[in-house]
Amino acid sequence: MFAALVFGHAAFADSYYDFYSDASSGQRLYYKMDMSNNTVSVVAPYTYNNNHTWFNYSKPTGCLVIPDSVSFNGTTYAVTSIDSYAFSGCSSLTSVTIPNTVTQIGDSAFFFCAEVNSYGLTSVTIPNSVTHIGNYAFARCHFLANVTIPDSITQINDGVFCMCSLTSVNIPNSVTQIGKSAFQQCYSLTSVTIPNSVTQIGDWAFNGTGLTSVTIPNSVTQIGDWAFSGCSRLTSVNISNSVTQIGDWAFFGTGLTSVTIPNSVTQIGNRAFSSCSSLTSVTIPNSVTRIGDYAFSSCSSLTSVTIPNSVLSIRNGTFYKCDSLTSVTIPNSVIQIRDSAFNYCLRLTSVNIPNSVTYIGKEAFCDCLRLTSVNIPNSVTHIGESAFYNCRSLTSVNIPNSVTQIGYSVFRFCYSLTSVTIPNSVTSIGNLAFCGCSALTSVTIPNSVTSIGNYAFNGCSGLTSVTIPNSVTQIGNDAFSGCSGLTSVTIPNSLTQIGNSVFYNCRSLISVTIPNSVTQIGNSAFSGCSGLTSMKFLSLTPPQLGANVFDGIQTNIPIYIPCGRLAYYVAIMPQFTNYIEQQVGFSAISDNDSMGSVQVLTEPSCSNPNAVLYAVPADGYSFDHWSTGSTENPYTLTVTSDTTVIAYFASNGGIEGIDDVAEDDIHISVGNGCIVADGVESSDIKVYDITGRNSNNRDLPSGVYLVKIGNLPARKIVVIR
């Protein structure tokens, strides 16, 4: 009847066992037979989706003693293994004694033998006969505090003691590998001895444990990813010379105060020491060729670091948020400083970028609030977006000729930056490039630049003047908005459109000239420019205007427009009341502002095309001539087309004379106020002024003259006195 009962159970499709028997400790255990060698495995009685369970069966409780053998139908079977999931979820088991006959403990055999915040498996005796303990065999046995790993074990498999309450563990010399998550989140584990037999520490092996110190033996060559991460009480680690690789996140979030990386290490993984907030110093040997992304990020106590010559790239976020870092040595081996490499290093005051560097990535030095100066070498060809964003103490920066683009927000909010020279290699200034640089008083934009991005100089309240070269074909929206100190701006003929709010709220802007090329002016382009005293439009056809283009500008200021175009301009700008029609395209300038200036006494107009100019020499200089050749001062000029007149000045007391002229062995010079020629009678020298009138060849004033000697061709001579 007993046999019939047992085999009746075995006949159910969901049954997994062959027979059951009660242990001497009183629990009913279920067995699976291997009749070829008369052995059995202890199993769970029920199978569901290949996970053996105790569904609808009474789980063993209390102190369990597994027998070394059982008898069934007159045959004795040795108990040699505990099958996968055999006691999984038996939360009322408190202790287990495993007999010497057992050689294998299957995957998850005692998984989660615990009641949360209550009780569960506290101790287990594993005999020396056991050679294999499966993955997660004792995982989540939250109250398991004591276990002895026998010398027969050669490998601690994945997750074997994960989330147990072990306080210490002795790993025998027979073990060569510690698997993934083997002791993960054993919060009470404060000490562990790793023997010299171990060659590999797996990923997550000691993650989240309570270890305070650890020695990596000479046999270990690799520390796995996350191996000691989250060990917040781990203050010291001794890494042996055998280790060649420190895995990703290996010591993330530990309490390490200092670390020496041996010469054997060639790679430090991503975030390997990230968030080690107590780490004050680190020694990186020359053997290291790769420091991973964010390797030392958020090491908030790290004050200085020397990067070895073996490293080619400072990778993404390597020292991100190292806010105590005051100095860093970058060797000549480095060719790239990648994205966010030194982002948020709040105390970094200076950095020397070597000539080997060609690439500075996005946000590389972003939020380095105390960085005062930076030397960017000519080797750099790329500066990434926001590379120096919010470097509030940065007062000066050199942009080398090798750079072709100033990208998005590169120098945004560099409040202390006072001046910048953009080299001729640069073709574009990106969006927000210098936005908020309120101390910036001058900027030189070269002829190579073709585009200025949105908000490029927005909020540069200290900027007083800017010349936009003729190479620029596009100015983005709000490019100069909020430049409240801007008094003058030159808009080039290369522009066809002025975007939205480009000069919004430039309250100090005095005058502006809209060139012929501009056909569109965007919304609010000059809104808030309350300091404007005049505007000039050079196009015969008024540009198309967006909304609120001239809001806040006084309506009675002079608006200069081309002759005969009054009706057209009034139609699109009816708010203005003081239109002045005039000849357009006229200007008068000095060749050298330090030597003198030009006053326009009378502007040419539609009714009077004559301009009256007066050259005003500076102290120590005198007016010489106009670019038209005239020496009159004041000078009246009839303007019939676009005209620029230049005034030339000369130094008082300068050398009197002309450039040497040799013609048929005749040498011409100036002496005693007259033109002379070697071997030629003075009566044979005829001198004419620029109008062709004969001049007396004595006491000649400065000017341009025609000299005729005999039958020789007439020569133009400039006399400077």
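On the accessible surface of the stretch 1-154, probed at 1.4 Å, how many percent belong to carbon and sulfur atoms? The C+S portion of the solvent-accessible surface of the stretch 1-154 is 50 percent. Please say if the stretch 159-230 is rounded, prolate or oblate, where rounded means a/c under 1.5 for a ≥ b ≥ c the square roots of the C-alpha gyration tensor eigenvalues, and otherwise the choice is prolate for a/b larger than b/c and oblate otherwise? It is prolate, given that a/c is not under 1.5 and a/b is the larger ratio. At a probe radius of 1.4 angstrom, the accessible area of the stretch 472-611 per residue rounds to 42 square angstrom. Dividing the radius of gyration of the alpha carbons in the stretch 54-112 by their Kirkwood radius gives 0.98 for Rg/Rh.
Over the stretch 28-80, what number does the Rg to Rh ratio reach, with both radii from the alpha-carbon atoms and Rh per Kirkwood?
1.00
Across every direction, the projection of the convex hull enclosing the Cα atoms of the stretch 314-450 has a mean area of 6.6 nm².
For every other residue with a beta carbon closer than 15 angstrom to the beta carbon of residue 119, add +1 if it is Lys or Arg and -1 if Asp or Glu, then tell me the sum.
On the way: positive: 59, 140; negative: 115.
After counting each charged neighbour, the total is +1.
When a/c is below 1.5 the answer is rounded, else prolate if a/b is larger than b/c, else oblate, so apply that to the stretch 114-267 with a ≥ b ≥ c taken from the square roots of the Cα gyration tensor eigenvalues. Oblate, because a/c is 1.5 or more while a/b does not exceed b/c. This model, with +1 at the C-beta of Lys and Arg and -1 at the C-beta of Asp and Glu, gives the chain a dipole about its Cα centre of some 1440 debye. Taking every alpha-carbon pair within the stretch 500-617, the share separated by more than 24 Å comes to 32 percent. Please label the shape of the stretch 246-327 as rounded, prolate or oblate, based on the square roots a ≥ b ≥ c of the eigenvalues of the alpha-carbon gyration tensor (a/c under 1.5 means rounded; beyond that, a/b larger than b/c means prolate, else oblate). In terms of gyration-tensor shape, rounded. Within the chain, the longest run free of exposed loop sites, counting GluC sites (Glu not before Pro) that sit outside DSSP helix and strand states (H, G, I, E, B) and have at most 14 other Cβ atoms within 10 Å, spans 116-631.
Please give the net charge around residue 409, taking every other residue with its beta carbon less than 15 angstrom from that of residue 409, where Lys and Arg add +1 and Asp and Glu add -1. Here the charged neighbours net out to -2. Bridging of residue 59 to lysines at a Cα separation below 22 Å is possible for 32, once same-chain residues fewer than 8 apart are set aside. Protein heavy-atom accessible surface, 1.4 Å probe, per residue over the stretch 45-114: 42 Å². Summarised in one figure, the compactness ratio Rg/Rh of the stretch 285-340, Cα atoms and Kirkwood Rh, is 0.94. In this structure the stretch 280-385 gives 37 Å² per residue of accessible area when probed at 1.4 Å with all protein chains present. Only aspartates and glutamates eight or more places from residue 536 in sequence, or on another chain, were considered; those with a Cα closer than 19 Å are 551, 581, 603, 642. Which one, 303, 607, 495, projects farthest toward the positive side of the charge dipole computed for the chain from Cβ point charges (K/R +1, D/E -1)? Among 303, 607, 495, the one farthest towards the positive end of the dipole of the chain is 303.
Every Cα-Cα pair of the chain was included, and the share exceeding 46 Å stands at 54 percent.
Once Rh for the stretch 245-396 is found with the Kirkwood sum over Cα pairs, what is the Stokes-Einstein diffusion coefficient at 20 °C and 1.002 mPa s, in µm²/s? Estimated diffusion coefficient is 144 µm²/s. The string of couplings for the stretch 319-329 from the Karplus curve (6.51, -1.76, 1.60, θ = phi - 60°) is 10, 4, 6, 7, 7, 9, 5, 9, 8, 8, 10 Hz, one whole number per residue in order, with x for Gly and Pro.
Think of the chain as a dipole: +1 on every Lys or Arg Cβ, -1 on every Asp or Glu Cβ, centred on the Cα centre; then among 95, 222, 132, 95 lies furthest on the positive end. Centre-to-centre separation between the Cα atoms of the stretch 308-349 and those of the stretch 229-248: 22 Å. Spatial offset of the stretch 141-157 relative to the stretch 560-609 amounts to 95 Å, using the alpha carbon center of each. Overall, the accessible surface of the stretch 275-377 at a probe of 1.4 angstrom is composed of carbon and sulfur to the extent of 42 percent.
The values are calculated or read from the model by the stated rules, or taken from the named source; none is laboratory data. Since we're looking at a predicted model, the values are computed, not measured. FYI the Cβ positions are ideal-geometry reconstructions off the backbone, even for glycines, and counts take in every protein chain you see. We work out accessible area using only protein heavy atoms, side chains counted, and drop any ligands, DNA or RNA first. Shrake-Rupley method; radii C 1.70, N 1.55, O 1.52, S 1.80 Å.
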